[in-house]
Amino acid sequence: MEEVDAPVVGHLEDIPVGEGRAFAVAGDQVAVFRLRDGSLRALDAVCPHRGGPLADGLTDERVVVCPLHGYTYDLATGQEMSSGATGVCAYQVSADEGGAIRIGPRIAR
């Protein structure tokens, strides 16, 4: 995983494997997901459909499902997969050897 040059927002201990957590980043809420293979993904934390908390959604290795209405977002790109609705922004994210999480610039919407 390529390390991101950005301020630390949290720690791996904050995110159980297979779950997500929301962090405040420069005035935005960003959901960071710790996948079962140990990798991290980051998306806007709020579903644009009805404001659902994406960090609380169910994930697999590829998508997160909004807990309110089932909109499904690709964890790499933020593209909405179930209906073609508006997507969310994806961000660069990394953790260093000590587990410090850094969220970089947006990589896709």
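Go through segment 88-109 and give me each residue that's within 10 Å of Leu43 (Cα to Cα) and part of a loop (DSSP other than H, G, I, E, B).
Residues satisfying the conditions are Val88, Cys89, Arg109.
Just for segment 1-47: of the residues that are in contact with a Ser or Thr (Cβ under 8 Å, 6 or more places away or on another chain) and buried (at least 17 other Cβ atoms within 10 Å of the Cβ), which one is farthest from Met81 (Cα to Cα)? Don't jump to the end; show me each part of the working.
Initial filter on segment 1-47 (in contact with a Ser or Thr (Cβ under 8 Å, 6 or more places away or on another chain)): 1-4, 18-20, 33, 35, 40.
Right, trim to buried (at least 17 other Cβ atoms within 10 Å of the Cβ) and you get 4, 20, 33, 35, 40.
Values: Val4: 27, Gly20: 19, Phe33: 18, Leu35: 19, Leu40: 20 Å.
It comes out as Val4.
Just to verify a result, which residue in segment 51-70, among those that are of a type outside the set (A, V, I, L, M, F, W, C) and open to solvent by 50 Å² or more (accessible area, probe 1.4 Å), is farthest from Val32 (Cα to Cα)? Explain how you work it out, then say what you get.
Taking segment 51-70 as the starting set, the residues that turn out to be of a type outside the set (A, V, I, L, M, F, W, C) are 51-53, 56-57, 59-62, 67, 69-70.
Narrowing the set further to residues that are open to solvent by 50 Å² or more (accessible area, probe 1.4 Å) leaves 53, 56, 60-62, 67, 69.
On the way: Pro53: 12, Asp56: 10, Asp60: 13, Glu61: 13, Arg62: 14, Pro67: 16, His69: 20 Å.
The qualifying residue farthest from Val32 (Cα to Cα) is His69.
Is it true that Ser94 is hydroxyl-bearing (Ser, Thr, Tyr) and open to solvent by 50 Å² or more (accessible area, probe 1.4 Å)? Even if it seems obvious, please write down each step before you answer.
On the way: hydroxyl-bearing (Ser, Thr, Tyr): yes; open to solvent by 50 Å² or more (accessible area, probe 1.4 Å): no.
No; evaluated as a whole, the condition is false for this residue.
Quick check on my filter: what residues within segment 73-90 are open to solvent by 20 Å² or more (accessible area, probe 1.4 Å) and touching a residue at least 40 places away in the same chain (Cβ under 8 Å)?
Of everything in segment 73-90, nothing turns out to be open to solvent by 20 Å² or more (accessible area, probe 1.4 Å) and touching a residue at least 40 places away in the same chain (Cβ under 8 Å).
Please work out which one of (1) in a loop (DSSP other than H, G, I, E, B); (2) at pLDDT 95 or above; (3) not basic (Lys, Arg) is the condition Ser82 fails and give its number.
(2)
Can you name the condition, by its number, that Arg106 falls short on among (1) at pLDDT 95 or above; (2) within 12 Å of the chain's Cα centre (by Cα); (3) not acidic (Asp, Glu)?
The one condition Arg106 does not meet is (1).
The values are calculated or read from the model by the stated rules, or taken from the named source; none is laboratory data. This structure is a prediction, so every number in the text was calculated from the model and none was measured. Neighbour counts run over all protein chains shown; Cβ positions are idealised from the backbone, glycine included. Ligands, DNA and RNA are excluded from the accessible area calculation, which covers all protein heavy atoms including side chains. Shrake-Rupley method; radii C 1.70, N 1.55, O 1.52, S 1.80 Å.
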